[in-house]
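Single-structure report; data block below.
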Amino acid sequence: MWLASLRRPGTLDGHPEWAAALEAIDPDWNPAWPADWQRHYAAVRELLRDEEGTELLPGVTVGGQDVGRWLLRQRQPGVWAGLMDGQRQRLEALGVMPLTPEPETPAKASRGGSDAFKRGLAALAQYKDRTGTVGPVSRSHIERIVIDGEEHAIKLGVWIMNLKRRRAKLPDDRLAQLAALGLDWAT
């Protein structure tokens with residue numbers, strides 16, 4: 001608590017000898033980054049000093065702090081990039097380097113967005129062909145359609161209600177497609 005008090009801005013004004021004495025003991029006594037980060041770093045530094053060549057894995061604790069997990073987090077590319085230069089320099093001096101990012105895997109084809117609209121539109125067209133109308137469709141109705149050899153179960157009543165609720169935000173081309181099938185609220 002005494003050190004926390006001394007770290008407050010202006011506390012050492014008029015006492016340069018105190019600041020010099022503290023820096024002689026530990027140059028990092030008042031770091032530009034959070035003191036919690038410094039405490040974790042100091043624990044890692046001491047462990048690596050005593051155990052040369054040791055890898056600190058999550059689960060290694062010092063004073064109740066999981067310094068292994070903390071160190072792994074610091075090495076994550078996004079976290080490493082957000083560290084201050086002085087923080088990175090201190091970790092590098094211990095031989096700690098950032099993890100190399102894993103190559104990105106290609107994203108899976110989207111199951112939402114325009115594909116979902118196309119499937120819903122196809123289900124509505126099929127429903128209209130079968131019943132001769134587009135409504136009202138009960139909320140619980142499920143229309144089964146086959147697209148490119150793959151069967152889809154479309155909750156048609158829910159799909160129509162969601163579109164109706166969001167009709168002010170729907171693009172004009174989608175509203176026109178819905179109106180063409182006979183949904184009067186889409187005109």
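Within segment 74-83, can one find any residue that is charged (D, E, K, R) and modelled with pLDDT of 90 or more?
Yes, segment 74-83 contains at least one residue that is charged (D, E, K, R) and modelled with pLDDT of 90 or more.
For segment 1-13, which positions are open to solvent by less than 70 Å² (accessible area, probe 1.4 Å), at pLDDT 85 or above and out of contact with any helix residue (DSSP H, G or I) (no Cβ under 6 Å at 6 or more places or on another chain)? Working first, answer last.
Of the residues in segment 1-13, the ones open to solvent by less than 70 Å² (accessible area, probe 1.4 Å) are 3-6, 10-12.
In the following step, the residues that additionally are at pLDDT 85 or above were identified as 5-6, 10-12.
Result: SER5, LEU6, GLY10, THR11.
What are the pairs, 6+ residues apart or on separate chains, where a residue within segment 148-169 that is touching a residue at least 12 places away in the same chain (Cβ under 8 Å) has its Cβ under 7 Å from a residue that is buried (at least 16 other Cβ atoms within 10 Å of the Cβ) and assigned to a loop (DSSP other than H, G, I, E, B)?
Note: pairs meeting the criteria are LEU156/VAL137; LEU156/HIS141; GLY157/VAL137; GLY157/HIS141; ILE160/VAL137; LEU163/LEU170.
Give just the number: which of (1) at pLDDT 85 or above; (2) buried (at least 16 other Cβ atoms within 10 Å of the Cβ) does ARG167 not satisfy?
It is condition (2) that ARG167 fails.
Restricting to segment 152-187, and then to whatever is within 33 Å of the chain's Cα centre (by Cα) and in a loop (DSSP other than H, G, I, E, B), can you tell me which residue is farthest from LYS118 (Cα to Cα)?
It comes out as ARG166.
Give PRO31, PRO98, PRO9 a once-over and let me know the one that is in a loop (DSSP other than H, G, I, E, B) and touching a Pro at 6+ places or on another chain (Cβ under 6 Å).
Residue meeting the stated conditions: PRO98.
Please specify each residue of segment 34-65 satisfying the condition of being outside any helix (DSSP H, G or I) and surrounded by fewer than 15 Cβ atoms within 10 Å (Cβ to Cβ). Break it down into steps so the answer makes sense when it comes.
Keep residues of segment 34-65 that are outside any helix (DSSP H, G or I), which gives 34, 51-65.
Those that are outside any helix (DSSP H, G or I) and surrounded by fewer than 15 Cβ atoms within 10 Å (Cβ to Cβ): PRO34, GLU51, GLU52, GLY53, THR54, GLU55, LEU57, PRO58, GLY59, THR61, GLY63, GLY64.
Checking the structure you have, find out if any residue of segment 142-151 is within 13 Å of LEU121 (Cα to Cα) and either among the polar types (S, T, N, Q) or within 34 Å of the chain's Cα centre (by Cα) (or both).
The answer is yes, given that some residue of segment 142-151 is within 13 Å of LEU121 (Cα to Cα) and either among the polar types (S, T, N, Q) or within 34 Å of the chain's Cα centre (by Cα) (or both).
For segment 140-164, give me the residue count where each residue is surrounded by 12 or more Cβ atoms within 10 Å (Cβ to Cβ) and charged (D, E, K, R).
Final tally of qualifying residues: 3.
Working only within segment 67-92, note down all residues that are surrounded by 17 or more Cβ atoms within 10 Å (Cβ to Cβ) and farther than 18 Å from TRP33 by Cβ.
Passing the criteria: only GLY68.
Identify the residue in segment 14-28 that is in a loop (DSSP other than H, G, I, E, B) and of a type outside the set (D, E, K, R) and, among all such residues, is most open to solvent (accessible area, probe 1.4 Å).
So, considering only residues that are in a loop (DSSP other than H, G, I, E, B) and of a type outside the set (D, E, K, R), the one most open to solvent (accessible area, probe 1.4 Å) is PRO27.
The values are calculated or read from the model by the stated rules, or taken from the named source; none is laboratory data. Fair warning: this is a prediction, and the values are worked out from it, not measured in the lab. Virtual Cβ from ideal backbone geometry, glycine too; neighbours counted across all protein chains shown. Heads up: the accessible areas ignore ligands, DNA and RNA and are worked out on the full protein's heavy atoms, side chains in. Shrake-Rupley method; radii C 1.70, N 1.55, O 1.52, S 1.80 Å.
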